Structures are given as C-alpha cells and as structure tokens.
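Data block below; observations after.
The values are calculated or read from the model by the stated rules, or taken from the named source; none is laboratory data. Computed from a predicted model, the values in this text were never measured in an experiment. Cβ coordinates were reconstructed from backbone atoms using ideal geometry, including for glycine residues, and neighbour counts include every protein chain displayed.
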Amino acid sequence: MIFDFSTIMVFLVAISGAIWAFDALLLAPRRRTHAGIIGKDVDGNADTSEDAPPPPVIVDYARSFFPIFLIVLILRSFIVEPFRIPSGSMIPTLLVGDFILVNKYNYGIRLPLINKKVIDLGTPQRGDVIVFRYPEDPSTPFIKRVVGVAGDKVIYRDRHLYINDEEIEQDLLGPYVGFKSAARHTGAKLLEEDLLGRRHQILLTPRSHNPSFVGVVPPGNYFVLGDNRDNSRDSRYWGYVPDENLVGRAFMIWMNWDRGPELGRIGSKIL
C-alpha cells in the first residue's frame with residue numbers, strides 16, 4: 001500500500017462514514033427513546049414530531065464532511081488529479097512550476113490504495129505524456145513521455161532515437177531561450193521530433209552526459225523519456241514502467257507559478 005493523498009482520503013471517508021452510520025443506526029434511536037419523544041399518535045403510529053436531541057459534535061462533523069471527502073476521493077481517484085512539476089526534465093513541454101491535470105480513467109479504472117486495475121479502458125500510446133509511480137520508489141510520482149510500448153525495439157544512441165529500427169525524425173528549430181527556472185537551459189538545441197506521427201518538441205544539450213540504450217519493451221511495460229533528453233533520469237537509467245505503476249495521462253496546464261504567475265500557460269494543452 002502506498003501512503004499518499006488518496007490513502008488519506010480513503011481513511012477519512014471510512015472513518016467519517018463509520019461514525020455517521022454508527023450514530024444513525026444505534027445512538028440516534030437511543031437518544032430519541034431516552035428523551036421520550038417516541039410515542040403513539042391517535043392512529044397508533046410512531047410519533048416523531050418533536051425535535052430529537054442534537055448529536056455529539058464529532059457526529060455532526062462526520063455527517064457534514066463525509067460527502068465532501070467522498071466526492072474528493074472519487075474525483076481524485078477515478079476522474080482527474082492535479083500535480084505540480086518540480087523539475088526541468090520535461091522542458092520545453094512542461095516547465096518548473098506548471099500545475100497540471102492528469103486524466104485518471106484513460107488507462108483504466110484503478111482502485112485507490114492498491115492501484116489495481118478493475119476496468120480496462122485503454123493503454124498509453126507512443127507520444128503520451130504520463131504520470132506514473134517511479135519504479136525504484138513507488139511513493140514518488142514521475143512524469144515522462146512514452147516512446148516505446150510492448151514489443152517495440154528501442155535504441156537510443158548518440159542522441160538519436162530508433163523505434164523498431166526506424167530512426168525518429170528530428171527537425172532543428174533553433175536555440176532554446178528559457179526564462180526563470182528554465183533560463184539555465186538557454187542555448188540548448190530545440191528540435192521537433194516526429195514520434196511515428198506524434199510531433200512534440202525536445203531539447204538536446206551538446207557536451208552533456210549522453211547515455212545509450214538498446215532493448216525490447218516487455219509485455220505490460222513502457223519505455224519513457226524526458227523531453228529534456230540530456231537532463232532527464234528516465235528509462236535509459238532504470239528501465240521500463242510497469243502498467244501497474246501508471247497514474248494517468250497529463251492533458252492540461254491549469255496554472256504556472258515559478259517566481260510568480262505565467263498567465264500565458266493557463267489552459268495550455270499538453271502535446
């Protein structure tokens with residue numbers, strides 16, 4: 001079990017619901033009986049017209065917050081979940097301080113706590129930007145781009161990507177100009193990569209560490225890379241992402257805060 005926000009919400013729903021149910025089924029009837037408000041009307045029916053004694057404060061809080069906890073749990077576990085980008089590994093697609101929304105049902109409905117898929121609705125495709133649990137530390141969420149799916153032969157050599165022995169086209173757009181936290185990447189090569197029909201931008205930094213990789217993606221796994229290729233710790237270092245580690249697909253930037261707001265990024269789609 002992974003202790004995260006969803007875990008906290010499950011416990012809050014369980015505790016508040018249990019308190020509310022215990023009071024409604026056992027304690028509330030006793031309070032009414034002891035207060036002598038249950039009698040018989042002229043037709044022999046139970047008379048509950050008088051006000052019942054107020055419940056204890058903890059019950060009142062549980063009854064008020066249970067539906068809120070439940071709605072938040074459903075939204076965060078099955079529909080959409082927000083994340084904040086803490087690093088520059090996905091520049092230029094995502095910047096430090098981007099607040100993103102992640103679709104939780106594109107890749108199937110999963111139970112919170114155990115992350116077990118119960119309804120299969122689809123799988124990641126090449127080019128998808130995904131959030132997943134880091135295989136070496138599942139408590140840590142990572143975000144990368146899928147470049148290889150099950151059965152793909154992936155080669156990364158001399159800053160060139162090959163999928164099933166086909167070299168992925170890269171078109172040079174010019175030097176990258178970054179700002180705020182991304183300013184240190186100014187001067188890197190900005191390229192547009194055509195990932196077998198899915199186009200997106202990447203950064204390459206000459207004279208930086210350039211790991212190579214050769215492998216075939218196993219069933220139920222994915223090969224992922226950061227768009228900031230020479231400043232990303234990804235599948236080249238630690239291997240594949242298992243399907244059970246998937247969290248969802250990143251689809252929109254809803255805010256950015258990096259030493260202040262960047263209003264132009266609000267509402268941007270993640271491509």
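For Ala188, all conditions in the list (1) buried (at least 21 other Cβ atoms within 10 Å of the Cβ); (2) in contact (Cβ under 8 Å) with a residue 60 or more places away in the chain hold save one; what is the number of the exception?
Result: Ala188 fails condition (2) only.
Pull out all pairs, ordered by first then second residue, where Cβ-Cβ is under 8 Å, the residues are six or more apart or on different chains, the first lies in segment 3-28 and is over 16 Å from Ile58 (Cβ atoms) and touching a residue at least 24 places away in the same chain (Cβ under 8 Å), and the second is outside any helix (DSSP H, G or I) and among the aliphatic types (A, V, I, L, M).
Listed by first residue and then by second, the contacts come to Ser6/Leu113; Thr7/Met1; Thr7/Leu113; Val10/Leu113.
Could you check how many residues of segment 242-271 are over 21 Å from Phe78 (Cα atoms) and either outside any strand (DSSP E or B) or in contact (Cβ under 8 Å) with a residue 24 or more places away in the chain (or both)?
Result for segment 242-271: 13.
Inspect all residues belonging to segment 52-72 and state whether any of them is more than 23 Å from the chain's Cα centre (by Cα), surrounded by fewer than 13 Cβ atoms within 10 Å (Cβ to Cβ), modelled with pLDDT under 90 and of a type in the set (S, T, N, Q).
no
For segment 73-96, how many residues are surrounded by 14 or more Cβ atoms within 10 Å (Cβ to Cβ) and of a type in the set (D, E, K, R)?
So the count comes out to 2.
Give the residue that is nearest to Gly197 (Cα to Cα), with candidates limited to residues of segment 155-164 that are charged (D, E, K, R) and assigned to a loop (DSSP other than H, G, I, E, B).
Arg159
Counting only residues that are under 23 Å from Met252 (Cα atoms), out of contact with any Ser or Thr (no Cβ under 8 Å at 6 or more places or on another chain) and either surrounded by 15 or more Cβ atoms within 10 Å (Cβ to Cβ) or of a type in the set (A, V, I, L, M, F, W, C) (or both), how many does segment 116-142 have?
12
Among the strands (runs of 3 or more DSSP E) lying completely within segment 108-154, list those that include at least 1 residues that are closer than 30 Å to Ser212 by Cβ and touching a residue at least 12 places away in the same chain (Cβ under 8 Å).
Once the strands (runs of 3 or more DSSP E) in segment 108-154 are filtered for at least 1 residues that are closer than 30 Å to Ser212 by Cβ and touching a residue at least 12 places away in the same chain (Cβ under 8 Å), what remains is 129-133, 141-148.
Scanning for something more than 25 Å from Asp243 (Cα to Cα), under 23 Å from the mean Cα position of the chain (by Cα), of a type outside the set (Val, Ile, Thr) and at pLDDT 95 or above, does segment 199-218 turn up at least one residue?
Yes; the residues of segment 199-218 include at least one that is more than 25 Å from Asp243 (Cα to Cα), under 23 Å from the mean Cα position of the chain (by Cα), of a type outside the set (Val, Ile, Thr) and at pLDDT 95 or above.
A quick yes/no check of all residues on (1) closer than 21 Å to Arg157 by Cα; (2) outside the structural domain of Pro138 (by TED's automatic domain parsing); (3) surrounded by fewer than 20 Cβ atoms within 10 Å (Cβ to Cβ); (4) not aliphatic (A, V, I, L, M):
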{"site": "Val216", "(1), (2), (3), (4)": "yes, no, yes, no"}
{"site": "Leu225", "(1), (2), (3), (4)": "yes, no, no, no"}
{"site": "Arg236", "(1), (2), (3), (4)": "yes, no, yes, yes"}
{"site": "Asn256", "(1), (2), (3), (4)": "no, no, no, yes"}
{"site": "Glu262", "(1), (2), (3), (4)": "no, no, yes, yes"}
